[in-house]
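The values are calculated or read from the model by the stated rules, or taken from the named source; none is laboratory data. Note that the structure is predicted; figures quoted are calculated from it, not measured. Here the Cβ positions follow ideal geometry from the backbone for every residue, glycine too, while neighbour counts run over all protein chains shown. Please note that ligands, DNA and RNA were not included when accessible areas were found on the heavy atoms of the full protein model with its side chains. Shrake-Rupley method; radii C 1.70, N 1.55, O 1.52, S 1.80 Å.
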Amino acid sequence: MVILKNNISLFLLIIILCFSNKTFAIKDNYPKNPKINAINYTFNIELSDATDEIICEAVIDIRFLGSGVKKLRLDLINASTKLENKGMIVSEVSSDGKALSFSHKNNELLIDLPEPSSLNQFSKFKVKYKGIPQSGLIIGKNKYGDRTFFSDNWPNLTRHWLATIDHPYDKAMCEFIVTAPDHYQIVSNGLKVEESNLDNNKRITHWKQSVPIATWLFVLGAADFAVQYVDEFDGKSIQTWVFKQDRDAGFYDFAEPTKRVLEFYSDYIGPFSYEKLANIQSNSVGGGMEAASAILYGDKSVVGDRNKRWRNVVIHEIAHQWFGNSVTEYDWDDVWLSEGFATYFTLLFIENEYGRDEFIKGLESSQKRVDSFYNKNPNYQIVHDNLKNMKNVTSSQTYQKGSWVLHMLRGVLGTEIFWKGIRVYYKKYKDLNATTADFRKIMEDVSNKDLSLFFDQWLYKPGILKLKGDWYYDNDKNQLIINLNQIQSDGSLFEMPIEVGIVYENNIDSTELIEVRKKTNLFIIDVDKEPKNVILDPNYWVLMNKDFNKKN
(Lines give C-alpha, C1' and ligand atoms only; values in the text may rest on other atoms or scores of the structure.)
Protein backbone atom coordinates (compact mmCIF):
# COMPACT_ATOMS: atom_id res chain seq x y z
CA MET A 1 0.00 0.00 0.00
CA VAL A 2 1.20 3.50 -0.81
CA ILE A 3 -0.18 6.94 0.16
CA LEU A 4 0.56 10.12 -1.83
CA LYS A 5 2.15 13.20 -0.32
CA ASN A 6 3.72 16.22 -1.98
CA ASN A 7 7.27 17.58 -1.97
CA ILE A 8 9.13 14.52 -0.80
CA SER A 9 11.82 12.60 -2.57
CA LEU A 10 11.29 9.95 -5.21
CA PHE A 11 11.65 6.90 -3.08
CA LEU A 12 9.49 8.23 -0.28
CA LEU A 13 6.80 8.63 -2.87
CA ILE A 14 7.20 4.98 -3.78
CA ILE A 15 6.42 4.11 -0.22
CA ILE A 16 4.26 6.87 1.16
CA LEU A 17 2.56 6.88 -2.23
CA CYS A 18 2.33 4.03 -1.84
CA PHE A 19 0.45 -22.60 7.80
CA SER A 20 3.08 -24.55 9.43
CA ASN A 21 4.46 -24.04 12.94
CA LYS A 22 3.34 -20.57 14.00
CA THR A 23 4.71 -18.33 16.71
CA PHE A 24 1.68 -17.08 18.62
CA ALA A 25 1.69 -14.15 21.00
CA ILE A 26 0.54 -14.81 24.54
CA LYS A 27 -2.18 -12.19 24.14
CA ASP A 28 -4.18 -11.49 21.04
CA ASN A 29 -6.45 -8.53 20.54
CA TYR A 30 -8.34 -10.24 17.75
CA PRO A 31 -10.49 -13.27 18.69
CA LYS A 32 -9.14 -15.81 16.23
CA ASN A 33 -10.87 -19.16 15.98
CA PRO A 34 -8.45 -21.79 14.66
CA LYS A 35 -11.31 -24.30 14.36
CA ILE A 36 -13.06 -22.25 11.66
CA ASN A 37 -11.74 -21.73 8.13
CA ALA A 38 -13.60 -19.70 5.51
CA ILE A 39 -13.16 -21.35 2.11
CA ASN A 40 -15.15 -19.07 -0.18
CA TYR A 41 -17.30 -15.95 0.04
CA THR A 42 -19.92 -15.15 -2.59
CA PHE A 43 -21.35 -11.65 -2.34
CA ASN A 44 -24.53 -10.89 -4.28
CA ILE A 45 -24.64 -7.09 -4.10
CA GLU A 46 -27.10 -4.53 -5.44
CA LEU A 47 -25.89 -0.99 -6.12
CA SER A 48 -28.16 1.94 -6.90
CA ASP A 49 -28.04 5.52 -8.10
CA ALA A 50 -31.07 6.40 -5.98
CA THR A 51 -29.45 5.64 -2.64
CA ASP A 52 -26.10 4.82 -1.04
CA GLU A 53 -27.66 1.78 0.58
CA ILE A 54 -26.27 -1.54 -0.60
CA ILE A 55 -28.24 -4.77 -0.45
CA CYS A 56 -26.14 -7.89 0.05
CA GLU A 57 -26.65 -11.61 0.28
CA ALA A 58 -23.43 -13.30 1.37
CA VAL A 59 -22.98 -17.05 0.91
CA ILE A 60 -20.09 -18.32 3.00
CA ASP A 61 -18.50 -21.75 2.73
CA ILE A 62 -16.95 -22.83 6.01
CA ARG A 63 -14.77 -25.79 6.88
CA PHE A 64 -14.62 -26.65 10.58
CA LEU A 65 -11.12 -27.70 11.54
CA GLY A 66 -12.22 -28.91 14.94
CA SER A 67 -15.25 -30.35 16.67
CA GLY A 68 -17.48 -28.71 19.24
CA VAL A 69 -17.86 -25.26 17.67
CA LYS A 70 -21.28 -23.87 18.60
CA LYS A 71 -21.18 -20.40 17.08
CA LEU A 72 -19.79 -18.92 13.87
CA ARG A 73 -18.34 -15.45 14.43
CA LEU A 74 -18.18 -12.95 11.56
CA ASP A 75 -17.10 -9.32 11.50
CA LEU A 76 -19.77 -6.90 10.31
CA ILE A 77 -20.21 -3.30 11.44
CA ASN A 78 -23.77 -2.84 12.68
CA ALA A 79 -25.76 0.32 12.11
CA SER A 80 -25.59 2.72 15.05
CA THR A 81 -26.32 6.30 15.99
CA LYS A 82 -22.59 6.67 16.63
CA LEU A 83 -22.07 6.12 12.89
CA GLU A 84 -24.99 8.44 11.97
CA ASN A 85 -27.14 5.33 11.44
CA LYS A 86 -24.70 3.98 8.89
CA GLY A 87 -23.65 0.33 9.02
CA MET A 88 -25.28 -2.96 8.17
CA ILE A 89 -28.59 -4.43 9.39
CA VAL A 90 -28.88 -8.23 9.18
CA SER A 91 -32.34 -9.52 8.32
CA GLU A 92 -31.79 -13.26 7.92
CA VAL A 93 -29.22 -16.02 8.44
CA SER A 94 -29.76 -19.55 7.17
CA SER A 95 -28.03 -22.81 6.35
CA ASP A 96 -29.39 -25.58 4.14
CA GLY A 97 -32.58 -23.58 3.80
CA LYS A 98 -33.20 -23.45 7.53
CA ALA A 99 -33.26 -20.18 9.45
CA LEU A 100 -30.63 -19.85 12.19
CA SER A 101 -30.73 -17.69 15.26
CA PHE A 102 -28.08 -14.98 15.50
CA SER A 103 -27.04 -11.85 17.35
CA HIS A 104 -25.50 -8.77 15.77
CA LYS A 105 -23.95 -6.57 18.44
CA ASN A 106 -20.69 -4.71 18.91
CA ASN A 107 -19.88 -5.24 15.21
CA GLU A 108 -19.91 -9.03 15.65
CA LEU A 109 -22.33 -11.34 13.89
CA LEU A 110 -22.64 -14.47 16.03
CA ILE A 111 -24.50 -17.30 14.33
CA ASP A 112 -25.84 -20.20 16.40
CA LEU A 113 -25.07 -23.52 14.71
CA PRO A 114 -27.86 -26.13 14.52
CA GLU A 115 -25.55 -28.51 16.37
CA PRO A 116 -21.87 -28.46 17.43
CA SER A 117 -19.44 -28.91 14.56
CA SER A 118 -17.59 -32.08 13.72
CA LEU A 119 -14.01 -32.31 12.47
CA ASN A 120 -13.67 -31.35 8.78
CA GLN A 121 -17.37 -30.55 8.49
CA PHE A 122 -18.25 -28.37 5.50
CA SER A 123 -21.20 -26.01 5.89
CA LYS A 124 -22.71 -23.21 3.82
CA PHE A 125 -24.24 -20.13 5.44
CA LYS A 126 -26.36 -17.41 3.87
CA VAL A 127 -26.48 -13.94 5.42
CA LYS A 128 -28.84 -11.25 4.16
CA TYR A 129 -28.24 -7.64 5.13
CA LYS A 130 -28.34 -4.08 3.89
CA GLY A 131 -27.15 -0.64 4.90
CA ILE A 132 -25.07 2.40 4.03
CA PRO A 133 -21.34 1.72 4.57
CA GLN A 134 -19.69 4.20 6.91
CA SER A 135 -16.32 3.13 5.47
CA GLY A 136 -14.80 0.28 3.47
CA LEU A 137 -16.86 1.03 0.35
CA ILE A 138 -16.51 4.63 -0.79
CA ILE A 139 -19.56 5.91 -2.64
CA GLY A 140 -19.35 9.33 -4.22
CA LYS A 141 -18.27 11.46 -7.15
CA ASN A 142 -14.89 11.17 -8.79
CA LYS A 143 -12.83 14.16 -9.95
CA TYR A 144 -15.07 14.49 -13.02
CA GLY A 145 -18.27 14.54 -10.97
CA ASP A 146 -19.31 11.02 -11.96
CA ARG A 147 -20.76 8.71 -9.30
CA THR A 148 -18.54 5.74 -8.43
CA PHE A 149 -18.25 2.88 -5.94
CA PHE A 150 -14.77 1.77 -4.81
CA SER A 151 -13.59 -0.45 -2.00
CA ASP A 152 -11.11 0.83 0.57
CA ASN A 153 -10.61 -2.13 2.92
CA TRP A 154 -7.16 -1.48 4.37
CA PRO A 155 -6.42 -2.65 6.97
CA ASN A 156 -9.59 -3.93 8.66
CA LEU A 157 -12.41 -1.99 7.01
CA THR A 158 -13.87 -4.86 4.98
CA ARG A 159 -16.25 -5.48 7.88
CA HIS A 160 -17.97 -2.16 7.17
CA TRP A 161 -19.72 -3.66 4.15
CA LEU A 162 -18.88 -7.37 3.86
CA ALA A 163 -19.65 -10.11 6.40
CA THR A 164 -16.28 -11.87 6.75
CA ILE A 165 -13.63 -13.14 9.09
CA ASP A 166 -11.84 -9.83 8.63
CA HIS A 167 -8.28 -10.71 9.56
CA PRO A 168 -5.26 -11.68 7.45
CA TYR A 169 -4.88 -15.12 9.06
CA ASP A 170 -8.04 -16.47 7.39
CA LYS A 171 -7.62 -16.39 3.61
CA ALA A 172 -10.43 -17.38 1.29
CA MET A 173 -11.58 -17.30 -2.30
CA CYS A 174 -14.24 -14.76 -3.22
CA GLU A 175 -16.90 -13.99 -5.78
CA PHE A 176 -18.67 -10.70 -6.43
CA ILE A 177 -21.98 -10.86 -8.27
CA VAL A 178 -22.97 -7.24 -8.68
CA THR A 179 -26.27 -5.87 -9.99
CA ALA A 180 -26.02 -2.18 -10.84
CA PRO A 181 -27.34 0.40 -13.32
CA ASP A 182 -26.01 -0.52 -16.75
CA HIS A 183 -23.91 2.63 -17.19
CA TYR A 184 -21.46 1.18 -14.66
CA GLN A 185 -18.71 -1.26 -15.49
CA ILE A 186 -17.70 -3.51 -12.61
CA VAL A 187 -14.19 -4.70 -11.79
CA SER A 188 -13.11 -7.07 -9.04
CA ASN A 189 -10.65 -9.81 -8.13
CA GLY A 190 -10.00 -12.77 -10.43
CA LEU A 191 -11.76 -13.43 -13.71
CA LYS A 192 -15.00 -12.06 -15.08
CA VAL A 193 -17.27 -15.04 -15.66
CA GLU A 194 -20.48 -13.22 -16.59
CA GLU A 195 -21.69 -9.82 -17.78
CA SER A 196 -25.36 -9.69 -18.75
CA ASN A 197 -27.82 -6.87 -19.35
CA LEU A 198 -31.07 -7.14 -17.39
CA ASP A 199 -34.42 -5.41 -17.54
CA ASN A 200 -34.90 -1.92 -16.10
CA ASN A 201 -31.51 -0.70 -17.41
CA LYS A 202 -29.54 -2.91 -15.06
CA ARG A 203 -26.57 -5.18 -15.60
CA ILE A 204 -25.26 -8.14 -13.62
CA THR A 205 -21.50 -8.76 -13.49
CA HIS A 206 -19.86 -11.79 -11.88
CA TRP A 207 -16.17 -11.90 -10.91
CA LYS A 208 -14.58 -14.99 -9.40
CA GLN A 209 -11.27 -15.13 -7.49
CA SER A 210 -10.10 -18.76 -7.35
CA VAL A 211 -6.99 -18.21 -5.22
CA PRO A 212 -7.38 -17.65 -1.45
CA ILE A 213 -6.57 -14.11 -0.31
CA ALA A 214 -6.93 -12.02 2.84
CA THR A 215 -10.14 -10.03 3.14
CA TRP A 216 -8.45 -6.61 2.94
CA LEU A 217 -7.46 -7.60 -0.62
CA PHE A 218 -11.08 -8.05 -1.75
CA VAL A 219 -11.84 -5.33 -4.27
CA LEU A 220 -14.85 -3.80 -5.97
CA GLY A 221 -14.93 -0.90 -8.41
CA ALA A 222 -17.95 0.47 -10.23
CA ALA A 223 -17.52 3.42 -12.58
CA ASP A 224 -17.85 4.56 -16.17
CA PHE A 225 -14.51 3.08 -17.22
CA ALA A 226 -12.39 2.99 -20.31
CA VAL A 227 -10.88 -0.52 -20.40
CA GLN A 228 -7.84 -1.73 -22.30
CA TYR A 229 -6.55 -5.28 -22.56
CA VAL A 230 -2.92 -4.28 -22.75
CA ASP A 231 -1.02 -7.53 -23.06
CA GLU A 232 -0.64 -10.99 -21.61
CA PHE A 233 1.84 -12.45 -19.15
CA ASP A 234 2.12 -16.22 -18.81
CA GLY A 235 -1.26 -16.50 -20.53
CA LYS A 236 -2.87 -14.05 -18.10
CA SER A 237 -4.44 -10.75 -19.08
CA ILE A 238 -2.82 -7.40 -18.24
CA GLN A 239 -5.54 -4.75 -18.11
CA THR A 240 -6.00 -1.01 -17.60
CA TRP A 241 -9.21 0.45 -16.13
CA VAL A 242 -9.39 4.27 -16.03
CA PHE A 243 -12.12 6.91 -15.97
CA LYS A 244 -13.45 7.41 -19.49
CA GLN A 245 -12.21 11.02 -19.54
CA ASP A 246 -8.65 9.77 -18.89
CA ARG A 247 -8.70 7.10 -21.60
CA ASP A 248 -5.73 8.23 -23.68
CA ALA A 249 -3.50 9.36 -20.81
CA GLY A 250 -4.38 6.34 -18.69
CA PHE A 251 -3.78 3.79 -21.41
CA TYR A 252 -0.40 5.42 -22.05
CA ASP A 253 0.66 5.62 -18.38
CA PHE A 254 -0.30 2.11 -17.29
CA ALA A 255 1.07 0.33 -20.36
CA GLU A 256 4.52 0.44 -18.72
CA PRO A 257 6.27 -1.19 -16.92
CA THR A 258 3.73 -3.80 -15.72
CA LYS A 259 4.76 -6.72 -17.90
CA ARG A 260 8.49 -6.36 -17.22
CA VAL A 261 7.80 -6.17 -13.49
CA LEU A 262 5.73 -9.35 -13.62
CA GLU A 263 8.49 -11.08 -15.56
CA PHE A 264 11.20 -9.98 -13.12
CA TYR A 265 9.42 -11.12 -9.97
CA SER A 266 8.27 -14.34 -11.60
CA ASP A 267 11.83 -15.17 -12.68
CA TYR A 268 13.51 -14.27 -9.39
CA ILE A 269 10.86 -15.22 -6.80
CA GLY A 270 8.36 -17.66 -8.23
CA PRO A 271 5.15 -17.82 -10.28
CA PHE A 272 2.52 -15.09 -10.20
CA SER A 273 -0.48 -16.44 -8.28
CA TYR A 274 -3.45 -14.73 -9.85
CA GLU A 275 -5.62 -14.97 -12.94
CA LYS A 276 -5.00 -11.43 -14.23
CA LEU A 277 -3.35 -8.13 -13.34
CA ALA A 278 -5.50 -5.00 -13.64
CA ASN A 279 -4.28 -1.45 -12.95
CA ILE A 280 -7.35 0.57 -11.90
CA GLN A 281 -7.83 4.30 -11.45
CA SER A 282 -10.08 4.98 -8.46
CA ASN A 283 -11.11 7.68 -6.02
CA SER A 284 -10.98 5.58 -2.84
CA VAL A 285 -7.21 5.68 -2.28
CA GLY A 286 -4.63 8.44 -2.43
CA GLY A 287 -1.71 6.41 -3.72
CA GLY A 288 -1.91 2.67 -4.35
CA MET A 289 -3.71 -0.31 -2.85
CA GLU A 290 -2.44 -3.77 -3.75
CA ALA A 291 -5.77 -5.63 -3.98
CA ALA A 292 -5.06 -9.10 -5.36
CA SER A 293 -5.08 -9.16 -9.18
CA ALA A 294 -6.81 -5.75 -9.27
CA ILE A 295 -4.68 -2.85 -8.02
CA LEU A 296 -6.29 0.47 -7.14
CA TYR A 297 -4.50 3.78 -7.73
CA GLY A 298 -5.60 7.29 -6.79
CA ASP A 299 -7.51 9.39 -9.29
CA LYS A 300 -4.43 11.61 -9.73
CA SER A 301 -2.34 8.63 -10.86
CA VAL A 302 -3.18 9.30 -14.50
CA VAL A 303 -0.99 12.11 -15.81
CA GLY A 304 -0.08 11.02 -19.31
CA ASP A 305 3.70 11.39 -19.00
CA ARG A 306 4.80 8.04 -17.47
CA ASN A 307 6.60 9.88 -14.68
CA LYS A 308 8.87 8.07 -12.24
CA ARG A 309 6.65 8.85 -9.29
CA TRP A 310 3.71 6.75 -10.44
CA ARG A 311 5.86 4.27 -12.32
CA ASN A 312 7.44 3.32 -9.01
CA VAL A 313 4.08 3.07 -7.30
CA VAL A 314 3.06 0.53 -9.95
CA ILE A 315 6.24 -1.47 -9.24
CA HIS A 316 5.57 -1.38 -5.49
CA GLU A 317 1.97 -2.55 -5.79
CA ILE A 318 2.90 -5.37 -8.17
CA ALA A 319 5.60 -6.49 -5.72
CA HIS A 320 2.79 -6.84 -3.17
CA GLN A 321 1.17 -9.48 -5.37
CA TRP A 322 3.98 -11.75 -4.18
CA PHE A 323 4.49 -10.39 -0.67
CA GLY A 324 1.41 -9.36 1.27
CA ASN A 325 -1.03 -10.92 -1.17
CA SER A 326 0.30 -14.40 -1.95
CA VAL A 327 2.53 -14.74 1.12
CA THR A 328 0.47 -12.95 3.75
CA GLU A 329 1.45 -12.06 7.30
CA TYR A 330 -0.38 -14.28 9.78
CA ASP A 331 -0.97 -11.35 12.09
CA TRP A 332 -0.80 -7.56 11.81
CA ASP A 333 2.20 -7.61 14.16
CA ASP A 334 4.22 -8.89 11.18
CA VAL A 335 2.99 -6.32 8.65
CA TRP A 336 6.61 -5.65 7.62
CA LEU A 337 6.47 -9.00 5.78
CA SER A 338 4.17 -7.14 3.41
CA GLU A 339 5.31 -3.52 3.38
CA GLY A 340 9.04 -3.96 4.03
CA PHE A 341 9.20 -6.65 1.36
CA ALA A 342 7.27 -4.66 -1.25
CA THR A 343 9.50 -1.67 -0.56
CA TYR A 344 12.73 -3.59 -1.00
CA PHE A 345 11.58 -5.58 -4.00
CA THR A 346 10.59 -2.31 -5.65
CA LEU A 347 14.22 -1.29 -5.28
CA LEU A 348 15.46 -4.64 -6.56
CA PHE A 349 13.47 -4.18 -9.77
CA ILE A 350 14.81 -0.61 -10.04
CA GLU A 351 18.34 -1.93 -9.59
CA ASN A 352 17.81 -4.50 -12.33
CA GLU A 353 15.98 -2.22 -14.73
CA TYR A 354 17.33 1.28 -14.17
CA GLY A 355 20.75 0.75 -12.62
CA ARG A 356 22.70 0.74 -9.38
CA ASP A 357 22.68 4.51 -8.95
CA GLU A 358 18.88 4.63 -8.82
CA PHE A 359 18.92 1.74 -6.35
CA ILE A 360 21.34 3.58 -4.04
CA LYS A 361 19.24 6.74 -4.24
CA GLY A 362 16.31 4.72 -2.97
CA LEU A 363 18.32 3.33 -0.05
CA GLU A 364 19.59 6.79 0.86
CA SER A 365 16.10 8.22 0.77
CA SER A 366 14.83 5.38 2.96
CA GLN A 367 17.58 5.99 5.51
CA LYS A 368 16.60 9.63 5.87
CA ARG A 369 13.05 8.56 6.57
CA VAL A 370 14.19 5.95 9.11
CA ASP A 371 16.35 8.48 10.95
CA SER A 372 13.60 11.10 11.01
CA PHE A 373 11.06 8.66 12.41
CA TYR A 374 13.49 7.33 15.00
CA ASN A 375 14.21 10.82 16.32
CA LYS A 376 10.51 11.22 17.12
CA ASN A 377 9.78 7.59 18.10
CA PRO A 378 12.93 6.11 19.68
CA ASN A 379 11.12 3.12 21.21
CA TYR A 380 9.39 1.92 18.05
CA GLN A 381 10.13 -1.64 16.89
CA ILE A 382 9.28 -3.06 13.47
CA VAL A 383 7.53 -6.23 14.66
CA HIS A 384 4.60 -5.08 16.75
CA ASP A 385 3.83 -6.55 20.15
CA ASN A 386 0.09 -7.29 20.15
CA LEU A 387 -0.91 -4.24 18.16
CA LYS A 388 -3.87 -2.60 19.87
CA ASN A 389 -4.73 0.29 17.55
CA MET A 390 -4.99 -0.40 13.84
CA LYS A 391 -4.18 3.25 13.14
CA ASN A 392 -0.62 2.35 14.10
CA VAL A 393 -0.33 -0.72 11.90
CA THR A 394 2.26 0.83 9.57
CA SER A 395 4.92 3.50 9.78
CA SER A 396 8.01 4.45 7.84
CA GLN A 397 9.84 1.79 9.87
CA THR A 398 7.64 -1.05 8.61
CA TYR A 399 8.28 0.23 5.08
CA GLN A 400 11.76 1.73 4.89
CA LYS A 401 13.52 0.15 7.86
CA GLY A 402 11.90 -3.17 6.95
CA SER A 403 13.31 -2.74 3.46
CA TRP A 404 16.74 -2.01 4.90
CA VAL A 405 16.57 -5.15 7.05
CA LEU A 406 16.17 -7.22 3.90
CA HIS A 407 19.02 -5.35 2.24
CA MET A 408 21.31 -5.95 5.22
CA LEU A 409 20.27 -9.61 5.28
CA ARG A 410 21.27 -9.83 1.62
CA GLY A 411 24.62 -8.28 2.57
CA VAL A 412 25.16 -10.75 5.42
CA LEU A 413 24.18 -13.83 3.41
CA GLY A 414 25.36 -12.82 -0.05
CA THR A 415 23.10 -12.12 -3.01
CA GLU A 416 22.98 -15.72 -4.27
CA ILE A 417 21.97 -17.22 -0.92
CA PHE A 418 19.53 -14.37 -0.30
CA TRP A 419 17.65 -15.05 -3.54
CA LYS A 420 17.69 -18.78 -2.87
CA GLY A 421 16.08 -18.16 0.51
CA ILE A 422 13.47 -15.84 -0.97
CA ARG A 423 12.50 -18.48 -3.54
CA VAL A 424 12.24 -21.21 -0.89
CA TYR A 425 10.20 -18.93 1.38
CA TYR A 426 7.82 -18.00 -1.42
CA LYS A 427 7.38 -21.57 -2.60
CA LYS A 428 6.57 -22.83 0.90
CA TYR A 429 4.12 -20.07 1.85
CA LYS A 430 2.60 -19.20 -1.53
CA ASP A 431 -1.12 -18.49 -1.05
CA LEU A 432 -0.71 -19.12 2.69
CA ASN A 433 0.29 -17.15 5.78
CA ALA A 434 3.72 -16.69 7.32
CA THR A 435 5.35 -15.12 10.37
CA THR A 436 8.68 -13.44 10.90
CA ALA A 437 9.80 -16.63 12.63
CA ASP A 438 8.87 -18.63 9.52
CA PHE A 439 10.93 -16.31 7.33
CA ARG A 440 13.90 -16.44 9.67
CA LYS A 441 13.86 -20.25 9.74
CA ILE A 442 13.91 -20.44 5.95
CA MET A 443 16.84 -18.04 5.70
CA GLU A 444 18.73 -19.93 8.40
CA ASP A 445 18.14 -23.24 6.64
CA VAL A 446 19.40 -22.06 3.26
CA SER A 447 22.42 -20.21 4.71
CA ASN A 448 23.28 -22.60 7.54
CA LYS A 449 23.67 -19.54 9.79
CA ASP A 450 22.14 -18.60 13.12
CA LEU A 451 20.28 -15.36 12.41
CA SER A 452 18.67 -14.96 15.83
CA LEU A 453 20.79 -11.97 16.81
CA PHE A 454 20.35 -10.28 13.45
CA PHE A 455 16.55 -10.58 13.55
CA ASP A 456 16.35 -9.65 17.22
CA GLN A 457 18.36 -6.44 16.99
CA TRP A 458 16.84 -5.14 13.77
CA LEU A 459 13.21 -6.30 14.02
CA TYR A 460 12.28 -6.88 17.65
CA LYS A 461 14.21 -4.01 19.19
CA PRO A 462 14.18 -0.28 18.45
CA GLY A 463 17.23 1.80 17.78
CA ILE A 464 19.63 2.71 15.01
CA LEU A 465 23.36 2.16 14.66
CA LYS A 466 25.56 5.25 15.03
CA LEU A 467 29.32 4.95 14.57
CA LYS A 468 32.05 7.47 15.18
CA GLY A 469 35.70 6.70 14.54
CA ASP A 470 38.89 7.28 12.69
CA TRP A 471 41.76 5.53 10.96
CA TYR A 472 45.50 6.01 10.66
CA TYR A 473 48.47 4.24 9.11
CA ASP A 474 51.24 2.81 11.32
CA ASN A 475 54.28 3.27 9.11
CA ASP A 476 56.56 1.16 11.30
CA LYS A 477 54.30 -1.91 11.22
CA ASN A 478 52.64 -1.40 7.82
CA GLN A 479 49.26 -1.59 9.53
CA LEU A 480 45.96 0.19 9.13
CA ILE A 481 44.48 1.04 12.54
CA ILE A 482 40.74 1.63 12.77
CA ASN A 483 38.87 2.83 15.85
CA LEU A 484 35.08 2.64 15.84
CA ASN A 485 32.72 3.53 18.68
CA GLN A 486 28.98 2.93 18.86
CA ILE A 487 27.60 6.25 20.04
CA GLN A 488 23.82 5.71 20.01
CA SER A 489 22.45 7.17 23.23
CA ASP A 490 19.55 4.77 23.76
CA GLY A 491 21.70 2.07 25.33
CA SER A 492 21.39 -0.35 22.41
CA LEU A 493 24.38 -2.21 20.98
CA PHE A 494 24.57 -3.81 17.56
CA GLU A 495 26.72 -6.59 16.17
CA MET A 496 27.25 -6.22 12.44
CA PRO A 497 29.78 -7.14 9.79
CA ILE A 498 30.88 -4.01 7.92
CA GLU A 499 33.06 -3.69 4.84
CA VAL A 500 36.06 -1.37 4.81
CA GLY A 501 37.22 -0.10 1.43
CA ILE A 502 40.93 0.75 1.16
CA VAL A 503 41.98 3.30 -1.46
CA TYR A 504 45.61 3.56 -2.62
CA GLU A 505 45.22 5.54 -5.83
CA ASN A 506 41.82 6.73 -7.04
CA ASN A 507 39.55 3.71 -6.58
CA ILE A 508 38.96 1.11 -3.89
CA ASP A 509 41.83 -1.35 -4.30
CA SER A 510 40.81 -3.84 -1.62
CA THR A 511 37.95 -4.56 0.75
CA GLU A 512 38.22 -5.98 4.25
CA LEU A 513 35.40 -7.22 6.47
CA ILE A 514 35.33 -6.17 10.11
CA GLU A 515 32.89 -7.19 12.86
CA VAL A 516 31.53 -4.42 15.05
CA ARG A 517 30.52 -6.12 18.28
CA LYS A 518 31.18 -3.79 21.22
CA LYS A 519 30.73 -0.19 22.18
CA THR A 520 34.43 0.43 21.53
CA ASN A 521 36.12 -1.46 18.69
CA LEU A 522 39.73 -1.59 17.51
CA PHE A 523 40.74 -3.20 14.21
CA ILE A 524 44.27 -3.78 12.88
CA ILE A 525 44.70 -4.65 9.20
CA ASP A 526 48.03 -5.49 7.58
CA VAL A 527 48.65 -3.45 4.42
CA ASP A 528 51.54 -3.04 1.99
CA LYS A 529 51.61 0.74 1.96
CA GLU A 530 49.84 3.80 3.30
CA PRO A 531 46.29 4.19 2.02
CA LYS A 532 45.08 7.43 0.52
CA ASN A 533 41.67 6.91 2.04
CA VAL A 534 39.62 4.38 3.99
CA ILE A 535 35.87 4.18 3.36
CA LEU A 536 33.46 2.60 5.81
CA ASP A 537 30.74 0.53 4.12
CA PRO A 538 31.66 1.55 0.55
CA ASN A 539 28.99 -0.66 -1.01
CA TYR A 540 26.20 0.65 1.19
CA TRP A 541 25.15 -2.55 2.97
CA VAL A 542 24.51 -1.33 6.52
CA LEU A 543 21.84 0.99 7.90
CA MET A 544 23.86 3.35 10.05
CA ASN A 545 24.93 6.92 10.69
CA LYS A 546 28.70 7.29 10.49
CA ASP A 547 31.28 9.90 11.32
CA PHE A 548 34.53 8.35 10.07
CA ASN A 549 37.63 10.22 9.00
CA LYS A 550 41.41 10.02 8.92
CA LYS A 551 42.96 10.74 12.31
CA ASN A 552 44.75 14.05 12.49
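Which of K202/K236; K244/K276; K32/K236; K82/K126; K308/K388; K35/K401 have a Cα-Cα distance over 25 Å?
Over 25 Å Cα-Cα: K202/K236; K32/K236; K82/K126; K308/K388; K35/K401.
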The alpha-carbon center of the range 482-552 and that of the range 436-465 are separated, in whole Å, by 23 Å
SASA check, D474, accessible area w/ 1.4 Å probe, all protein chains in place, rounded to nearest 10 Å², comes out at 40 Å²
For K519, the lysines lying under 18 Å Cα to Cα, once residues fewer than eight places off in the same chain are dropped, come out as K461, K466, K468, K546
Between the alpha carbon centres of the range 244-263 and the range 294-367 the gap in Å comes to 16 Å
Neighbours of E351 by Cβ distance under 13 Å: Lys/Arg at +1, Asp/Glu at -1, summed charge 0
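Size of the dipole of the range 127-176 about the Cα centre, Lys and Arg at +1 and Asp and Glu at -1 on the beta carbon, nothing else charged, in debye to 20? Intermediate results must be reported in sequence, preceding the final value.
On the way: 7 positive and 5 negative charges, 46 e Å.
For this selection, approximately 220 debye.
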CD proxy, 222 nm, the chain: helix-only mean residue ellipticity via -39,500 (n - 2.57) per DSSP H run with n ≥ 4, per residue, nearest 500, stands at -6500 deg cm²/dmol
Once all protein chains are kept in place, D182 shows an accessible area at probe 1.4 Å, nearest 10 Å², of 50 Å²
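Mind putting a number on the dipole of the chain about its Cα centre? Charges go on the C-beta only, +1 for Lys and Arg and -1 for Asp and Glu, and I need it in Debye to the nearest 20.
Working: 66 positive and 72 negative charges, 238 e Å.
So the magnitude is around 1140 debye.
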Taking a ≥ b ≥ c as the square roots of the eigenvalues of the Cα gyration tensor, with a/c under 1.5 meaning rounded and otherwise prolate when a/b exceeds b/c and oblate if not, the range 200-323 is oblate
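If packing is taken as the mean number of other Cβ atoms within 10 Å per residue, what is the order of 415-428, 288-301, highest first? Don't jump to the answer; show the numbers that get you there.
Numbers: 415-428: 16.8, 288-301: 26.0.
Result, highest mean first: 288-301, 415-428.
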Relative contact order of the range 83-147 (C-alpha contacts under 8 Å, at least 6 apart) in percent is 41 percent
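If you keep only loop residues by DSSP, which GluC sites (Glu not before Pro) in the range 32-104 have at most 13 other Cβ atoms within 10 Å of their Cβ? Please report the intermediate quantities before stating the final value.
Numbers: sites: E46, E53, E57, E84, E92; in loops: E53, E84.
Here the GluC sites (Glu not before Pro) that fit, given the DSSP loop and packing criteria, are E84.
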For percent of Cα pairs over 47 Å apart, with candidates [x] 40; [y] 18; [z] 36, the value calculated from the shown model is option [y]
From most to least accessible, 1.4 Å probe, no ligand or DNA/RNA atoms counted, L413, L465, L513 line up as L513, L413, L465
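How much net charge surrounds T511 when only the other residues with a Cβ under 14 Å from the Cβ of T511 are counted, with Lys and Arg +1 and Asp and Glu -1? Present the calculation step by step, with values, prior to reporting the outcome.
On the way: positive: none; negative: E499, D509, E512, D537.
Once all neighbours under 14 Å are counted, the net charge is -4.
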Probe 1.4 Å, heavy atoms of protein chains only: per residue, the accessible area of the chain in Å² is 42 Å²
Taking placed amide H atoms and a strict 5 Å upper bound, the residues 5 or more places from S210 or on another chain that come that close are L191
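Hey, any idea what % of the chain's accessible area is carbon plus sulfur with a 1.4 Å probe?
The C+S portion of the solvent-accessible surface of the chain is 46 percent.
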Surrounding charge for N549, neighbours by C-beta under 11 angstrom, Lys/Arg +1, Asp/Glu -1, total +2
In whole angstrom, the spacing between the Cα centers of the range 192-219 and the range 62-90 equals 23 Å
Among L100, I138, P155, the residue whose Cα sits farthest towards the positive end of the charge dipole of the range 70-166 (+1 at Cβ of Lys and Arg, -1 at Cβ of Asp and Glu, taken about the Cα centre) is I138
